[in-house]
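Read through the structure below, which is laid out as structure tokens, and then see the notes.
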Amino acid sequence: MIGLFQGMFERNILTFNPGWDSNAQKLNIFTDVRDLQKQLKAQGVELMSQADENSTGPASFVVIDPDGNPILVDQHV
């Protein structure tokens, strides 16, 4: 699921919600937020906030796009 928000936050923000379908229902198969974070870090992407890689369940991390807008990867399951 991808969310676009304008006017709710200081800057425009793009969100990704791994583990949810378009109705915010849990998916049986998805890539965990911590695995996505590890892949980005391995490619040298700087993270503004990070998920605890030793945790399970809900977690999030934030990166900044080239225009300075935050991208939030926010897992609720």
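Every number in this text was worked out from the coordinates using simple rules, so none of it is lab data. From a predicted model like this one, the values you see are computed outputs, not experimental measurements. Cβ sites come from the backbone with ideal geometry, for glycine too, and all protein chains shown count toward neighbours.
Write down, largest first, the equivalent ellipsoid semi-axes of the chain in whole Å, where each equals the square root of 5 times an eigenvalue of the alpha-carbon gyration tensor. Before the final figure, lay out each step's value.
Numbers: eigenvalues 77, 61, 18 Å².
In descending order the semi-axes read 20, 18, 10 Å.
Label zone (Leu4, point 7 Å along Cα-to-C-beta; backbone nitrogen cut-off 19 Å) within segment 11-31: 11-18, 22-24.
Electrostatic bookkeeping for Gln50 treats Lys and Arg as +1 and Asp and Glu as -1; over the other residues with beta carbon under 15 Å from its beta carbon, the sum is -3. The sum of -39500 (n - 2.57) across all DSSP H runs of n ≥ 4, divided by the residue count of the chain, sets its helix-only mean residue ellipticity at 222 nm to -4000 deg cm²/dmol. Using 0.36 nm per residue and subtracting the Cα-Cα separation, the extra length available between Thr31 and Asp65 on full extension is 10.1 nm. Sorted on the mean count of surrounding Cβ atoms within 10 Å across their residues, most packed first, peptides 52-64, 9-21, 36-48 read 9-21, 52-64, 36-48. Each peptide in 71-77, 29-35 was scored by the mean count of other Cβ atoms within 10 Å over its residues; highest first, the order is 71-77, 29-35.
What net charge do the residues around Ile29 carry, taking every other residue with its C-beta under 15 Å from that of Ile29, with Lys and Arg at +1 and Asp and Glu at -1? Write down the numbers at each step before the final one.
Values: positive: Lys26; negative: Asp21, Asp32, Asp35.
Value of the local net charge: -2.
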